[in-house]
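Here the structure is laid out as C-alpha cells; the discussion comes afterwards.
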Amino acid sequence: MTRPQRLLVTGGAGFIGSAYVRGLLADPAAPLAVTVLDKLTYAGDLRNLDAVRDDPRFTFVRGDVCDAALVDALLAGHPQVVHFAAESHVDRSIAGADAFVRTNVLGTHTLLDAALRHRAELFVQVSTDEVYGSVATGSWTEDQPLAPSSPYAASKASADLLALSYHRTHGLDVRVSRCSNNYGPHQHPEKVIPRFVTNLLDGRTVPLYGDGRNSRDWLHVDDHCHGVELVRRRGRAGRVYHLGGGHELTNRQLTGLLLEACGADWSRVRHVPDRKGHDLRYSVDWTRAREELGYRPRREFADGLAATVAWYRDNPDWWRGRGPDDGEGQADQASGPGSRAAS
Ligand code: NAD
C-alpha cells in the first residue's frame, strides 16, 4: 500500500485554504493525510470544512502559527507544509497592522524554523501579487523588485523574503506562489465581491472606492488551488510562481456586473473616499507557471461569478451577521475596517 503524504495546511478554515483542502480530499483514493492548523480568527469558519470533516484522512487542530511548541510538534509529523494562514484584509491592516506583522511575518518564521529543524520535504508559501505594488501597464514577471504599498502587502513581502532566505541560506525547499484576486464561495463578506453581493441581496447599498478605476485581475479560487497544488507537486525549490486569472476588470466594471447579477442598478452604489495608498492596478505574468507547471486557469469568469452569486444567495446562514456594518446612512462618514470598501 502507498504510504500517505502527510501535509500540514495552515489557515485551512479560511476561504482559500478550505477550498484547497476540499479539493485535495475530493478524490477518496488520494493517499493523503491532511492536518489543518487554524486559529479560527474572525476569518476562519469550521463550516468551510464540513465536506471533509468525517474523512479519516483529515485532522483539524485549532492553534496559532506563532505557537512555537505546537508548530514544532506538528512539523515532527508533517514533512510538507502549505502555508495559507494570514491576516488577509488590506483595510484592517491600514486600521492597525499588529496582527499582520505577528501572524504573517512571525508566524511564517515560526513555521520555517520548525520546518528546518525537522528537515521538511517542502514548504509552499502562498502569497499575493500585492507584494509588487501597482503596475501602470503590462504585467510583472517573478524577478520584479518588491514594492508593497499596504501594511498587509508589506507583511506578505516580508514573509516571502524570509521564506526564500531559508532556501538560500539553509537549503530548505521553499516555493512561493503569488496569485491575483481570488473569488468564489466561502469568501468572508468583508471582501469586495461577497460584500457587494450580500449587501445587494439584502437590499442595501454598496460602497465603491474613489472613481472605481482601480483594476484587478480575477482568479477563481479553484483555479488558484489547482495552481498551488501544481507548485507543490511540480514546482522547484527556491522558485516563485505567478498564478494569474487572465480576467482584468476595473472596480467600476466589476460593480456593474455584480449589480446586474443581483438585479440591481447604480442607485445602489455609494461613492466613498479612496483607500489610503490604494494601488491602481495589479497584473502578473504567469508564463513561468504555464511553461514549467502546466498551469492555466480553467474557470470562465462569467460562469464562475454567476455560481458565486448563486452560492451566496443559497447560503444566507453562512454570511448573515458576519459582514462589515454597511447600515444605510452611516458609512459615508465612517472610517475603519468595518465601513470601508474592499479591494
Ligand atoms: P482568509 O482571511 O479567508 O483566511 C485566513 C485563515 O487563516 C483563517 O481561517 C484564519 O482563522 C487563519 N489564521 C489567521 N491568523 C492565524 C494564526 N495566527 N494562526 C493560525 N491560523 C490563522 O484568507 P484567504 O483569502 O483564504 O487567503 C489565504 C492566503 O492567500 C493568505 O496567505 C493570503 O495572503 C493569500 N492571498 C489571498 C488572496 C485573495 O484574493 N483572497 C489573493 C492573494 C493571496
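What to note about this one:
- Condition met for T35 (more than 24 Å from P189 (Cβ to Cβ) and either within 7 Å of the ligand (Cβ to nearest atom) or surrounded by fewer than 23 Cβ atoms within 10 Å (Cβ to Cβ) (or both)): yes
- Residue in the stretch 1-21 that is nearest to the ligand (Cβ to nearest atom), counting only those that are farther than 17 Å from V126 by Cα and not in a loop (DSSP other than H, G, I, E, B): R6
- Among residues of the stretch 156-213 being charged (D, E, K, R) and in a strand (DSSP E or B), the one that is farthest from L257 (Cα to Cα) is R175.
- Each residue in the stretch 146-164 was checked for being more than 13 Å from the ligand (Cβ to nearest atom) and under 16 Å from D279 (Cα atoms), and 3 pass.
- Residues that are in a loop (DSSP other than H, G, I, E, B) and in contact with a His (Cβ under 9 Å, 6 or more places away or on another chain) within the stretch 277-295 comprise D285, W286, Y295, listed in sequence order.
- Looking only at the stretch 284-328, and only at residues there that are within 30 Å of A154 (Cβ to Cβ) and modelled with pLDDT under 95, the one that is surrounded by the fewest Cβ atoms within 10 Å (Cβ to Cβ): D325
- Scanning the stretch 152-193 for residues being buried (at least 22 other Cβ atoms within 10 Å of the Cβ), aliphatic (A, V, I, L, M) and in contact with a Gly (Cβ under 7 Å, 6 or more places away or on another chain) gives a total of 1.
- Scope the stretch 129-145; condition surrounded by 15 or more Cβ atoms within 10 Å (Cβ to Cβ) and either of a type outside the set (V, I, T) or closer than 13 Å to R175 by Cα (or both); matching residues: D129, E130, Y132, G133, S134, S139, W140, E142, Q144
- Failed item in (1) within 21 Å of H188 (Cβ to Cβ); (2) surrounded by fewer than 18 Cβ atoms within 10 Å (Cβ to Cβ); (3) more than 10 Å from the ligand (Cβ to nearest atom), with A99 passing the rest: (3)
- Residue satisfying all of: in the stretch 102-131; of a type in the set (D, E, K, R) and out of contact with any Phe, Trp or Tyr (no Cβ under 9 Å at 6 or more places or on another chain); nearest to the ligand (Cβ to nearest atom) among these: R102
- Residue in the stretch 165-181 that is under 22 Å from the mean Cα position of the chain (by Cα), more than 12 Å from the ligand (Cβ to nearest atom) and more than 21 Å from G17 (Cα to Cα) present: no
- Condition check for D211: more than 28 Å from D113 (Cα to Cα), more than 18 Å from the chain's Cα centre (by Cα) and either within 15 Å of the ligand (Cβ to nearest atom) or surrounded by fewer than 18 Cβ atoms within 10 Å (Cβ to Cβ) (or both): yes
- Residue match in the stretch 62-74 (condition: modelled with pLDDT of 95 or more, under 22 Å from K191 (Cα atoms), over 17 Å from the mean Cα position of the chain (by Cα) and within 14 Å of the ligand (Cβ to nearest atom)): no
- Restricting attention to the stretch 38-59, the residues that are farther than 18 Å from T103 by Cβ, surrounded by fewer than 20 Cβ atoms within 10 Å (Cβ to Cβ) and within 11 Å of the ligand (Cβ to nearest atom) total 1.
- Members of the stretch 237-255 found to be among the hydrophobic types (A, V, I, L, M, F, W, C) and touching a residue at least 40 places away in the same chain (Cβ under 8 Å), listed by number: A237, V240, L243, L254
- Pairs linking a residue in the stretch 25-48 that is more than 23 Å from D64 (Cα to Cα) to a residue that is among the aromatic types (F, W, Y) and more than 6 Å from the ligand (Cβ to nearest atom), with Cβ atoms under 7 Å and 6 or more positions apart or on different chains, are L25/F58.
The values are calculated or read from the model by the stated rules, or taken from the named source; none is laboratory data. None of the values given here were measured: they were computed from a predicted structure. FYI the Cβ positions are ideal-geometry reconstructions off the backbone, even for glycines, and counts take in every protein chain you see.
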